[in-house]
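Colleague: Sharing a structure here in structure tokens format.
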Amino acid sequence: MRAHAIVIPLMLFALTAAAQAPGEAAAYKKIEEARAIARRIGTGSAVRAFRRHAESFLEKFPDSGRRPTVFLWLGDLLKENAPREALTYYRRSTRPEAVPRAADLAFRFDPPPPLQVDRWVGPAQDPTRPDGRVTLLFFFSATHPSANPLTRRVEALATRLGSDNLRVIGIASVLDDHKQQTPERLAALVSERRLPFPVGIDRQRDRERSTSLALYRGNSVPWGLFLDRYGRIVWMGPLPVERNVFQRCETKLRVLLAEPSFETLRTRAVAGDKAAVLKLASIKTPESVGTLFGVRAGNAPKGLQPLIDKSLRAILPAGFSPADGKRWKDAMVNYRYSFDADRLIAK
């Protein structure tokens, strides 16, 4: 019996080895090496080298059992600079971890979801409605020692950048120890600090992350998001408490603050600025489409008309044309951008 027990695994190994196409193992090793380099140094050339090896492998070995892993790796290394292609690769992978990674990636480009809070300390806020300001949305634990230094940094940042430019929304969130962090206690702690920005008390779920924190992909606190003037998520991740690291957040926010408003873009486009039309076309929100319609109706130079119409056709939902500016004013609240479709769709 023992001899048979040894022979069977050897036969299976031989069959597996025979099933591999010639050169597959060597090609896969090249991918592993290129991936390690790309992850370590992160340069564009290193990522491109990895991609060449990976895509060559997929073309040469269509039946390889390693393909799901290669698809996953492609998604991981392309998600920052080629997110749409990365999403395609994630969805082609059958690895279980590809599903949440695809969902997280799509989330970054879809509109932000409505907050679900128990109550507000200060006026209620809705990050899904852009108001022309850059938005800092941050989640924190009101009972953790990091809360005081973090909120002080945010308060100082808001003062430097000005409330006319930066909208700050805090969310007091819970990861665990729910009994010691009831909504009533959190609201009392936040009220005592007299913060100069509104704070929502996140809706809790028994033994789980609080609701809005989970909606916004937070696995830890402090967790932050930056939304640009146009209401789009442009950064998401752990929010640092250390002063020198937090300064990088201010640098990112100042870049967003330098972006022109819709009104500025409309004025430039009506004056004949092609770059302003292209900028509006790239934003891809209901509001940017409304601004493009306004440019179209605002006697822009005739030479820009074909570009405006082409831009509108590329983003408008089915059933709308460049001539539907008046109808869009009433209907736009019913539509949102879809990263999958790369255009506006019905909510």
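Colleague: Taking the stretch 84-105 on its own, how many of its residues are of a type in the set (Ser, Thr, Tyr), buried (at least 20 other Cβ atoms within 10 Å of the Cβ) and not in a loop (DSSP other than H, G, I, E, B)?
Modeller: Looking only at that region, the number is 2.
Colleague: Being closer than 19 Å to residue 130 by Cβ and in contact (Cβ under 8 Å) with a residue 40 or more places away in the chain is the filter here, so list the residues in the stretch 329-342 that pass it.
Modeller: Listed by number, the residues that qualify are 332, 333, 335, 336, 337, 338, 339.
Colleague: Now for a separate question. For the stretch 174-196, indicate whether the set of residues that are modelled with pLDDT of 95 or more and under 19 Å from residue 233 (Cβ atoms) is non-empty.
Modeller: Checked the stretch 174-196: no residue is modelled with pLDDT of 95 or more and under 19 Å from residue 233 (Cβ atoms).
Colleague: Can you tell me which residue in the stretch 40-71 is farthest from the chain's Cα centre (by Cα), limited to those that are surrounded by fewer than 20 Cβ atoms within 10 Å (Cβ to Cβ) and aliphatic (A, V, I, L, M)?
Modeller: 58
Colleague: Considering each residue of the stretch 166-204, count those that are assigned to a loop (DSSP other than H, G, I, E, B) and loosely packed, with under 14 Cβ neighbours inside 10 Å, and give that number.
Modeller: Qualifying residue count for the region: 4.
Colleague: Only one of 212, 220 is small (Gly, Ala, Ser) and outside any loop (DSSP other than H, G, I, E, B); which? First the steps, then the outcome.
Modeller: Values: 220 fails: outside any loop (DSSP other than H, G, I, E, B).
On inspection, the qualifying residue turns out to be 212.
Colleague: Has the stretch 329-342 got at least one residue that is in contact with a strand residue (DSSP E or B) (Cβ under 6 Å, 6 or more places away or on another chain) and of a type in the set (A, V, I, L, M)?
Modeller: Within the stretch 329-342, not a single residue is in contact with a strand residue (DSSP E or B) (Cβ under 6 Å, 6 or more places away or on another chain) and of a type in the set (A, V, I, L, M).
Colleague: Among the candidates 271, 276, 214, single out the residue that is buried (at least 21 other Cβ atoms within 10 Å of the Cβ) and more than 19 Å from residue 136 (Cβ to Cβ).
Modeller: Values: 271 fails: buried (at least 21 other Cβ atoms within 10 Å of the Cβ); 214 fails: buried (at least 21 other Cβ atoms within 10 Å of the Cβ).
After ruling out the rest, the residue left standing is 276.
The values are calculated or read from the model by the stated rules, or taken from the named source; none is laboratory data. What you see is a predicted model; the values in this text were computed from it and never measured. Ideal geometry is used to build each Cβ from the backbone, glycine not excepted, and the neighbour counts take in all protein chains shown.
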